[in-house]
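What follows is a short report on a single structure.
Readers should treat all values here as calculations from the given coordinates under stated rules, not as data from a laboratory. Since we're looking at a predicted model, the values are computed, not measured. Neighbour counts run over all protein chains shown; Cβ positions are idealised from the backbone, glycine included.
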Amino acid sequence: MDWSRIKTIFIVAFLILDLFLLSQLKAKTEFETKEDPTVEENLKTDGIDYSNLPSDHIKDQYLSANTKVFEETVLDTLTDQDAYLLESNTVIYSNLQKPISIGEDGDLTKLLQFVKTNVLFGDQYDLWEYNGEAKTVTFYQKVDDKFLFLNQSGQLVFTLNIDNQVVSYKQTMLDSFDPISDKEEVLSAFRGVESLYRKGMIKSESKIVKAELGYYTLVNMEATQVLTPTWRIIVEKDGIRENLLFNAIEGQIIVVPRGNEKNWSE
C-alpha cells in the first residue's frame, strides 16, 4: 500500500472540504449582509435626508430645578399691565393695558420686544410657537441656551383676541438649576434618528430639518423636577413638520403628549 499517496489524497480531500466550507461561509456572510443592510443604507434607500444632523461630541448631565415662587413685590415692577399671582404664587397672570397687535403675516416683533422689557426675567425665555388657530403665542424657558421642552413649569403663554391682539399672558418659571450627575458624552443625534426610524416613526421621503439638544422632565415632583438631556428632532414630510424627542442619556424615545407633536417653531 502506497501510504504516501493515500496521505496526499487525504490532504487534497481536506483542502477541497476546507475550500467548500469557506465558500459556503462567504456566501452566507454575503447573504446576511444583503439581508441586513446598515441603517445608513436603509435611510438612503427610503429617501430620508439626515444631512443636517450635528456631528459634534457633546457632554451633558442631569439637572434638578425648583418651581419658582414669586414675591408679591415683583408685580410692582411690571408696567402697562395688571398682574396678580395664582397657585401659591407660582403663576403670574397679567392683563395688558395696551394690547399688542400681531400682523396677519405673524409678525411678532412688538411682542418679542415686550417680553424683553416688560416680562420678569424675559431674557430667559425664547419663542416656541405662534398658533394662529388657538390664538396663542408660547415661549419656553431656556437654561444654558437650551430649551426646556414642553415644560409647563417654565413657560410664557400669551393669549390673543379675535382681532389678533395679545391681551394677556400666564407665566411660570423654574430656578435653582443644579447638576446632579457628572457630565458624560450624550448619545448622538443620529442614534436618535436610528431609534425613531427603527420604530417606524420616520417615514420614507422625509427630511430631518433640525436636531437640537435641550432638557425634558424625567421626574416631576410637587416643587422639584429632574431634567434629562434630550434631542428634539424635527422631521418634515410633504410640507408637514413633526417633532420627536429622544432621551440623549438613556436612549429612550419620549412619547410627546397628543397635540404637542406638530408645528413647533424652530
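Values computed for the structure shown
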| read-out | value |
| --- | --- |
| Separation of the Q61 and S101 label points, Cα + 7 Å toward Cβ, nm | 5.0 |
| Descending semi-axes in whole angstrom, ellipsoid equivalent of region 126-201, from the Cα gyration tensor | 31, 20, 8 |
| Cα Rg, Dmax, region 113-266, angstrom units | 16.4, 50 |
| Å³ per residue enclosed by the Cα convex hull of region 67-175 | 100 |
| Gain on full stretching of the segment that runs from N164 to Y84 - 0.36 nm per residue minus C-alpha separation | 26.4 nm |
| Segment L53-M201, length gained on full extension (0.36 nm per residue, minus Cα span) | 51.6 nm |
| Taking region 65-158 and dividing mean pair separation by its residue count, relative contact order in percent (alpha carbons under 8 Å, at least six apart) | 16 |
